[in-house]
Amino acid sequence: MNILAGDLGGRRIKLGVVCDGRVIASTVIPARADSPLPERLEAVAETLAGLCAGLGTTVGACAGIGLSYPSIIDTANARVVDHFGKYGDASAFDLRTWARQALGLPLAIDNDARMALIGEWRYGAGRGCDNVVMMTLGTGLGTAAVIKGEVLRGAHGQAGILGGHLTVQLGGNPCVCGNIGCAEAEASTWALERFARRHPDFPTSQLGQESPLDYAPLFRWAATGDPCAVALREHSLQVWGAAAVNLIHAYDPELLLLGGGIMASGDLILPRVREQIARHAHTPWGRVSVEASALGDHAALLACEWLVQEHLSTIS
Ligand SMILES: [Zn+2]
């Protein structure tokens, strides 16, 4: 049976229809995350109806809707716990009532990094492995864990997903979460420009010409020997390696998956993270496999099918 799927990112909302582990229709609309959530959900409902019509079916004929959301999520009650500046009214909004009224469907929602992991675990690079940790490198650093085949959520929905907010630099950069020296505050896209501007070589660096300054130009200029770009690249790789070691020590996985937009430069990142893990992770039983995620944007959409089925099994 078809499932409606939505992945609400900071800049884009990816929408799809999923059936039996396949995305059978998908499209993208702008996130407009500074607008009220109910307003954006109207566009979501309209777009999903259009996708269904294109498949010769209707929204009402689907089994449910799953959402991936960049926040801490109370999955039991489908509530956004912390909105991190996106859709400021999200915490007060009753998503299940919206889905019932607007679509006539049950709704399930979970954190975006956790959804990326669920997608990879069930359908992608983590298939067949029941002890998997994921780290997504992008605007922020997302993490999630599956341990012994169970998705780790904890008492308030935040277990496993705050790996980007483990301290890797004492006295480091202030983070959006209130901590200091989080991996995310030291090496993620949102932190990069601020970090770069403080570097003593920045005024003479080619990075000053880049707008927006993100990791693709950083790696490009570092490859030419630009001293500021090289320093920032090395710092970022060390931070991601340290974060990976922390995750391995915390969750004892067999497999660590790296995903997210920055992994477009995975050829450079993967060997360096592997090297750091080999040097510093305490795994006397053997080695953790470290691989790139495989499904890209489709991971979270595919995870919606698993999530809706999980929700339906708890209410039946
Ligand atoms: Zn933090």
_Can you tell me which of LYS148, LYS14, LYS86 moves the most in a GNM of the chain? Springs connect C-alpha atoms under 10 Å apart._
LYS148
*asked:* I want the antiparallel fraction of DSSP beta bridges within the stretch 128-292, as a percent rounded to 5.
replied: 55 percent
*Take each uninterrupted DSSP H stretch in the chain, measure its Cα extent along the helix axis, and return the ones at 30 Å or beyond whose mean Kyte-Doolittle hydropathy is at least 0.0.*
227-251
*Would you pull out the residues with amide H under 5 Å of ALA144's amide H, same chain only if 5 or more places away, H placed 1.01 Å from N?*
MET134
*Would you kindly derive the ³J(HN,Hα) couplings of the stretch 168-182 from the backbone phi angles with the Karplus curve 6.51 cos²θ - 1.76 cosθ + 1.60 (θ = phi - 60°), listing them in order in whole Hz, with x for Gly and Pro?*
10, 9, 4, x, x, 6, x, 10, 4, 7, x, 7, 10, x, 4
*Compute the Cα gyration tensor for the stretch 1-132, then decide on rounded, prolate or oblate, letting a ≥ b ≥ c be the square roots of its eigenvalues: rounded whenever a/c is under 1.5, prolate when a/b is larger than b/c in the other cases, and oblate in all that remain.*
oblate
*Taking neighbour Cβ counts within 10 Å as the exposure measure, how do ILE73, ILE24, ILE315 sort from fewest upward?*
ILE315, ILE24, ILE73
*Please list, in chain and number order, the residues 5+ apart from ALA25 or on another chain whose amide H is under 5 Å from its amide H, with Hs placed from the backbone.*
VAL17
*Taking the alpha-carbon set of the chain, what are its Rg and Dmax in Å?*
19.8, 63
*Would you mind ranking HIS249, HIS311, HIS156, HIS282 by Cβ crowding within 10 Å, fewest neighbours first?*
HIS282, HIS156, HIS249, HIS311
*Residue by residue, what Karplus-based ³J(HN,Hα) values in Hz, rounded to whole numbers, does the stretch 9-21 have, using 6.51, -1.76 and 1.60 with θ = phi - 60° and x for Gly and Pro?*
x, x, 10, 10, 10, 8, 10, x, 10, 10, 8, 6, x
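Within 11 Å, Cβ to Cβ, of GLY241, how many net charges do the neighbouring residues add up to if Lys/Arg are +1 and Asp/Glu are -1? All intermediate terms of the calculation are to be shown ahead of the outcome.
On the way: positive: ARG272, ARG274, ARG279; negative: GLU234, GLU275.
Here the count lands on +1.
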*Could you give me the ³J(HN,Hα) list for the stretch 63-76, computed from phi with Karplus coefficients 6.51, -1.76, 1.60 and θ = phi - 60°, whole Hz, x at Gly and Pro?*
7, x, 10, x, 10, 10, 9, x, 6, 6, 10, 8, 5, 4
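FYI, it's all coordinate maths here, none of it is from the lab. Since the structure is predicted, the reported quantities are computational estimates derived from the model, not experimental observations. A quick note on method: Cβ atoms are made from the backbone with ideal geometry, for glycine too, and the neighbour counts reach across all protein chains shown.
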